[in-house]
Amino acid sequence: MGLLNKILKWKRNTEDPIYEIEDWNEIVYDRDDLEIKDKEQRGEYVKGCLEQIAEASKELENLQFEYNMVTSYLKDMEEIEALPEEEKEILQSCAKRIDELEVQQSGYLKRENRMNDMKFHQMERMESELQEGYEKLTEAEEYQELIKRDLRKLDGEKHAYLYRKNDLKHLIEDTRSMAIVCTTAVVICILILLFLQFGLEMNARIGYFAAAALGAAAITFIFVKHNNAVSELGTVEAGIGKIIRLQNTVKIRYVNNTHLLDYLYLKYNVASADELGRSWQQYQEEKEERRKYLQAEKSLDECQKELLHELRRYQVQDPMIWLHQTAALLDKKEMVEIRHNLIIRRQSLRRRMDYNKEVIAGKAQAEIKDLVEKYPEYAKEILGIVGEYEKDFS
């Protein structure tokens, strides 16, 4: 079964038509399928040939323009190379200066940490007040730190006073409790002594003196301690009130200075005085670099004008192109390489021109001529189509 399939497949392959891949660069005119007696087909065929001629003519115009331009470049190079050494040195001096200025400009454009245009123009608008603004901002930030330091100090003192106030309140409560305890103890002692004197008929005189003395001493100590705590509490509370008033005064300064800082940050579009200082320094450097760039640009323009003037004086047809290939004026190898490339380009253009003229247009013209000669009965009609086509595209 497999062998039968292979045989059938081989048979089909031998019967399939074989098509050759055409050469796309070759123009072929085939009349095998042309019905020459059919007026419509005959007209379309002739028009097709004419369209190829028109396409070739259009391409020839473009190629001729490019060819003339390349030829002009080569002639200019010959003119330049034929100049005396003194005149060549003038051109080379201009070219060298142009190269140096272009390198200088390129160095500026490639420089790192360049200030963008928006930031530069913003700094430029405020240039007259930037130094004063930096000083104000620095002063305001330093003052802000002093205020924060004072507020932290006042907070510490306030917390110390509050801690002492809490201690004094506990002490006052404790002295009150101690006074009650001592009084109760003295009363109990007296009651015991009375019981001993009258109930047991003991001599309690010394006990009375001892109880009275100890009670008086304890109560006096507690009373003094209590009064001192009360007096100190008043002083502490007065100190707290004074600290609160000071805090309020400092807080007002803090709020006002914070608002001033926020405004200055917003005005100069920075987050700190240091950033403004760095931006100011960067602006000064950028300003100087831009001044040098503009000066170099002005000098470059003058050098280019001088080079163009010299080249026109030497009858160079297209002096503008030499502004972009000054290296060829300075280096003979570069000049040779450019000439070599131009010669190759001109040869390529010449081949394309010959192809369009001889192959495309030539074959089309020969085909029309052959039709007229082989079919004289249609010659008038064919020539009429040619005439109308030439009239439309003239």
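The values are calculated or read from the model by the stated rules, or taken from the named source; none is laboratory data. Everything numeric here is computed off the predicted structure, so don't read it as measured data. Neighbour counts are summed over all protein chains in view; Cβ atoms, including those assigned to glycine, are modelled from backbone coordinates with ideal geometry.
Computed values, structure above
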read-out: Filtered residues of region 75-108 (kept if among the hydrophobic types (A, V, I, L, M, F, W, C), touching a residue at least 60 places away in the same chain (Cβ under 8 Å) and assigned to a helix (DSSP H, G or I)); value: Met77, Ile80, Ile90, Leu91, Cys94, Ala95, Ile98, Leu101
read-out: Test: residue in region 372-382 that is loosely packed, with under 12 Cβ neighbours inside 10 Å, farther than 24 Å from Glu59 by Cα and hydrophobic (A, V, I, L, M, F, W, C); value: no
read-out: Hits in region 65-80 (condition: surrounded by 13 or more Cβ atoms within 10 Å (Cβ to Cβ) and either at pLDDT below 85 or farther than 25 Å from Ala328 by Cβ (or both)); value: Asp76, Met77, Glu79, Ile80
read-out: Any chance Lys363 is out of contact with any Leu (no Cβ under 8 Å at 6 or more places or on another chain), touching a residue at least 24 places away in the same chain (Cβ under 8 Å) and not assigned by TED's automatic domain parsing to the domain that holds Phe65; value: no
read-out: Neighbours by Cβ (under 8 Å, 6+ apart or cross-chain): first from region 320-335, surrounded by fewer than 18 Cβ atoms within 10 Å (Cβ to Cβ); second not in a helix (DSSP H, G or I); value: Glu334/Gln325
read-out: Scope region 307-340; condition within 37 Å of the chain's Cα centre (by Cα) and in a loop (DSSP other than H, G, I, E, B); matching residues; value: Gln325
read-out: Single match in Asp354, Asp331 (criterion: assigned by TED's automatic domain parsing to the domain that holds Asn62, of a type outside the set (Gly, Ala, Ser) and modelled with pLDDT under 85); value: Asp331
read-out: Count of residues meeting criterion [touching a residue at least 40 places away in the same chain (Cβ under 8 Å) and either exposed (fewer than 13 other Cβ atoms within 10 Å of the Cβ) or more than 30 Å from Gln144 (Cβ to Cβ) (or both)] in region 219-243; value: 11
read-out: Residue among Leu154, Leu191, Leu168 that alone is farther than 23 Å from Ile252 by Cα and either surrounded by 15 or more Cβ atoms within 10 Å (Cβ to Cβ) or not assigned by TED's automatic domain parsing to the domain that holds Gly207 (or both); value: Leu168
read-out: Flag for Lys153 being over 32 Å from the mean Cα position of the chain (by Cα), within 22 Å of Gln295 (Cα to Cα) and either not acidic (Asp, Glu) or not in a loop (DSSP other than H, G, I, E, B) (or both); value: no
read-out: Every residue from region 90-115 that is over 13 Å from Tyr293 (Cβ atoms), surrounded by 10 or more Cβ atoms within 10 Å (Cβ to Cβ) and out of contact with any helix residue (DSSP H, G or I) (no Cβ under 8 Å at 6 or more places or on another chain); value: Ser93, Glu100
read-out: Residue match in region 203-215 (condition: in the same structural domain as Tyr134 (by TED's automatic domain parsing), surrounded by 15 or more Cβ atoms within 10 Å (Cβ to Cβ), of a type in the set (A, V, I, L, M, F, W, C) and within 60 Å of the chain's Cα centre (by Cα)); value: no
read-out: Residues located in region 116-130, provided they are surrounded by 12 or more Cβ atoms within 10 Å (Cβ to Cβ) and of a type in the set (Asp, Glu); value: Glu124, Glu127, Glu129
read-out: Enumeration of residues in region 232-272 that are among the aromatic types (Phe, Trp, Tyr) and either in contact with a His (Cβ under 6 Å, 6 or more places away or on another chain) or closer than 30 Å to Lys119 by Cβ (or both); value: Tyr263, Tyr265, Tyr268
